[in-house]
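J.: Please see the structure below; I have some questions.
The values are calculated or read from the model by the stated rules, or taken from the named source; none is laboratory data. Just so you know, these numbers come straight off a predicted model, no measurement behind them. Note that we place each Cβ from the backbone using ideal geometry, even for glycine, and neighbour counts take in every protein chain shown. These area figures cover heavy atoms from the full protein model, side chains too; ligands, DNA and RNA do not enter into them. Shrake-Rupley method; radii C 1.70, N 1.55, O 1.52, S 1.80 Å.
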Amino acid sequence: MALSNSQYEQLMRTYELRQLDNEHKLYKRYETACARIPKLKELDDAISSLSVSQGRNLLEGDDSALPQLKEQLSLLFAEKKELIKSAGFPADYLELHYTCPDCRDTGYIGADKCHCLQKAIVDLLYTQSNLKEILAQENFSTFRTDYYSSNYIDPLTGRSAQESMQTALRVCRQFADTFSEEFSNILLYGDTGVGKTFLTHCIAKELMDKSYSVIYFSSVQLFDYLAKSTFGKKEVTGDDVLNHIYSCDLLIIDDLGTELSNSFTVSQLFVCLNERILRRKPTVISTNLTLDDINSIYSERIFSRISSNYMILRLIGDDIRIQKKLLNLGGMNDVTP
């Protein structure tokens, strides 16, 4: 999910326009205030003249000029504040108002990207994909557990498909509800078509609606970007793609195991999962692989990280999509996992 130079410049132009808009609005508020309080303009002229004259005195060696200036300005500002209040304006009426007070609409706090810019980056990338349309259809409000059979019993756990899904749905809801309070990760594993990807969409929608930065990759996409970041030309302005992957509020890796597995993918997966654990950044993984497969394909140390730090949810049942087609349930507009 790389951010190109043109995309970065597009976002920075948005911030520049926001700053100009803030300044224009302040100017219009000042005009309104002056129209209602004629003396306001006189006070501002007096403040400007006083600053210039005392500044000249300070340059000429008058050491008393600065403390005198501070004292006189304090009195003028207090009078100005009282005039604004008495006219019925808010106390901050003649101050710049920011869309994001944390970065003052610059996009940065010091050298670090502000949370508003991080979210804007993710939103921009999502807007250019089809994921937002998918999330409008696949979310907690559209999820149905009645498609899961109470007679389909998992020989491994002795639980029915419906019980397994009800548990998984409850855990995923709790994960989203307590996201800001608890650090946790989720591994969803099971056969094709049992609702794993649908559940990851539910979580993504819930957290994006709460303004968290969520990056969603298929396994193939993730390792493709990691390869480009490692071996290709850098496309990201500032922090590279790895920083987005490591630092986003939630990383979702869908269909782990569909990529071509090799020493590079194994090592990169370990670094990615381990780095996010160290940073206490949650990750959700879905896969058709069994736990034994994960252990054998990705090494014991990756499996150890997952088994020690992830809530592991096993989903079973018939392919819901095939069931829907066979039973002709709901038509094209009925959304099911």
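J.: Open to solvent by 30 Å² or more (accessible area, probe 1.4 Å) and either at positive phi or in contact with a Cys (Cβ under 6 Å, 6 or more places away or on another chain) (or both), is that true of ASP292?
T.: Details: open to solvent by 30 Å² or more (accessible area, probe 1.4 Å): yes; either at positive phi or in contact with a Cys (Cβ under 6 Å, 6 or more places away or on another chain) (or both): no.
No: the conditions fail for ASP292.
J.: Please go through the stretch 157-211 and pick out each residue that is charged (D, E, K, R), over 30 Å from ALA120 (Cβ atoms) and part of a helix (DSSP H, G or I). Let's see the steps before the verdict.
T.: Applying the first criterion (charged (D, E, K, R)) to the stretch 157-211 yields 159, 163, 170, 173, 177, 181-182, 191, 196, 205-206, 209-210.
Within this subset, residues satisfying the condition of being over 30 Å from ALA120 (Cβ atoms) are 159, 163, 170, 191.
Residues satisfying the conditions are GLU163, ARG170.
J.: Given the structure, is LYS132 open to solvent by 30 Å² or more (accessible area, probe 1.4 Å), within 30 Å of ILE320 (Cβ to Cβ), of a type in the set (Lys, Arg) and at pLDDT below 90? Lay out the reasoning, then the answer.
T.: On the way: open to solvent by 30 Å² or more (accessible area, probe 1.4 Å): yes; within 30 Å of ILE320 (Cβ to Cβ): yes; of a type in the set (Lys, Arg): yes; at pLDDT below 90: yes.
In short, yes.
J.: Quick one: which residue in ASP224, ASP254, ASP249 is within 24 Å of LYS132 (Cα to Cα) and at pLDDT 90 or above? Steps first, please.
T.: Numbers: ASP224 fails: at pLDDT 90 or above; ASP249 fails: at pLDDT 90 or above.
ASP254 is the lone residue from the list that is within 24 Å of LYS132 (Cα to Cα) and at pLDDT 90 or above.
J.: Select from the stretch 254-280 the residues that are part of a loop (DSSP other than H, G, I, E, B) and touching a residue at least 40 places away in the same chain (Cβ under 8 Å) and write down the one among them that is least open to solvent (accessible area, probe 1.4 Å). Break it down into steps so the answer makes sense when it comes.
T.: Quick first cut of the stretch 254-280, residues part of a loop (DSSP other than H, G, I, E, B) only: 257-262, 279-280.
From what is left, the residues that are touching a residue at least 40 places away in the same chain (Cβ under 8 Å) are 257-259, 280.
Details: GLY257: 35, THR258: 79, GLU259: 19, ARG280: 151 Å².
The selected residue is GLU259.
J.: Mind checking which pairs have a first residue in the stretch 23-42 that is in contact (Cβ under 8 Å) with a residue 40 or more places away in the chain and a second that is of a type in the set (Ser, Thr, Tyr) and surrounded by 11 or more Cβ atoms within 10 Å (Cβ to Cβ), Cβ under 7 Å, 6 or more apart or different chains?
T.: Here the result reads ARG29/TYR93; ALA33/TYR93, each pair linking the stretch 23-42 to a residue that is of a type in the set (Ser, Thr, Tyr) and surrounded by 11 or more Cβ atoms within 10 Å (Cβ to Cβ).
J.: So, VAL284, is that one at pLDDT 95 or above, hydrophobic (A, V, I, L, M, F, W, C) and within 23 Å of the chain's Cα centre (by Cα) or not?
T.: Details: at pLDDT 95 or above: yes; hydrophobic (A, V, I, L, M, F, W, C): yes; within 23 Å of the chain's Cα centre (by Cα): yes.
For VAL284, the condition - at pLDDT 95 or above, hydrophobic (A, V, I, L, M, F, W, C) and within 23 Å of the chain's Cα centre (by Cα) - is met.
J.: Then there is this: Looking at the stretch 307-320 only, could you name the residues that are in contact (Cβ under 8 Å) with a residue 40 or more places away in the chain, outside any strand (DSSP E or B) and surrounded by fewer than 16 Cβ atoms within 10 Å (Cβ to Cβ)? Talk me through it step by step, then tell me what you get.
T.: First, pick out the residues of the stretch 307-320 that are in contact (Cβ under 8 Å) with a residue 40 or more places away in the chain: 309-320.
From what's left, outside any strand (DSSP E or B): 309, 316-320.
Correct list: ASP319 only.
Every residue, every condition in (1) at pLDDT 85 or above; (2) in a loop (DSSP other than H, G, I, E, B), yes or no:
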residue	(1), (2)
TYR30	yes, no
SER48	yes, no
SER51	no, no
LYS81	yes, no
LYS85	yes, no
LEU96	yes, yes
ARG104	yes, yes
LEU117	yes, no
VAL122	no, no
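J.: Under 7 Å between Cβ atoms, which residue pairs at least 6 apart in sequence (or on different chains) link something in the stretch 196-220 that is farther than 29 Å from CYS100 by Cβ with a partner that is at pLDDT below 90 and of a type in the set (Val, Ile, Thr)?
T.: none
J.: Before we move on, is THR336 part of a loop (DSSP other than H, G, I, E, B), in contact with a Lys or Arg (Cβ under 7 Å, 6 or more places away or on another chain) and at pLDDT below 95? Quick ask: steps written out before the conclusion?
T.: On the way: part of a loop (DSSP other than H, G, I, E, B): yes; in contact with a Lys or Arg (Cβ under 7 Å, 6 or more places away or on another chain): yes; at pLDDT below 95: yes.
In short, yes.
J.: Next question. Please specify each residue of the stretch 228-243 satisfying the condition of being open to solvent by less than 30 Å² (accessible area, probe 1.4 Å) and either assigned to a helix (DSSP H, G or I) or modelled with pLDDT of 80 or more (or both). Let's see the steps before the verdict.
T.: So the first thing to find is which residues in the stretch 228-243 are open to solvent by less than 30 Å² (accessible area, probe 1.4 Å), and the list is 229, 236, 241.
Scanning the stretch 228-243 gives SER229, VAL241.
J.: Same structure, new question: Have a look at PHE89, PHE77, PHE140 and point out the one that is open to solvent by 70 Å² or more (accessible area, probe 1.4 Å) and in contact (Cβ under 8 Å) with a residue 24 or more places away in the chain.
T.: Numbers: PHE89 fails: open to solvent by 70 Å² or more (accessible area, probe 1.4 Å); PHE140 fails: open to solvent by 70 Å² or more (accessible area, probe 1.4 Å).
Of PHE89, PHE77, PHE140, the one residue that is open to solvent by 70 Å² or more (accessible area, probe 1.4 Å) and in contact (Cβ under 8 Å) with a residue 24 or more places away in the chain is PHE77.
J.: Filter the stretch 1-20 for residues that are at pLDDT 90 or above, charged (D, E, K, R) and open to solvent by 70 Å² or more (accessible area, probe 1.4 Å) and give the result.
T.: Result: ARG13, GLU16.
J.: Considering only the stretch 107-114, I want to know if a residue exists there that is within 30 Å of ASN243 (Cα to Cα), assigned to a loop (DSSP other than H, G, I, E, B) and open to solvent by less than 50 Å² (accessible area, probe 1.4 Å).
T.: Here is the first cut: in the stretch 107-114, the ones within 30 Å of ASN243 (Cα to Cα) are 107-114.
Still in the list and also assigned to a loop (DSSP other than H, G, I, E, B): 107, 110-111, 114.
Within this subset, residues satisfying the condition of being open to solvent by less than 50 Å² (accessible area, probe 1.4 Å) are 107, 114.
Looking through the stretch 107-114, at least one residue is within 30 Å of ASN243 (Cα to Cα), assigned to a loop (DSSP other than H, G, I, E, B) and open to solvent by less than 50 Å² (accessible area, probe 1.4 Å).
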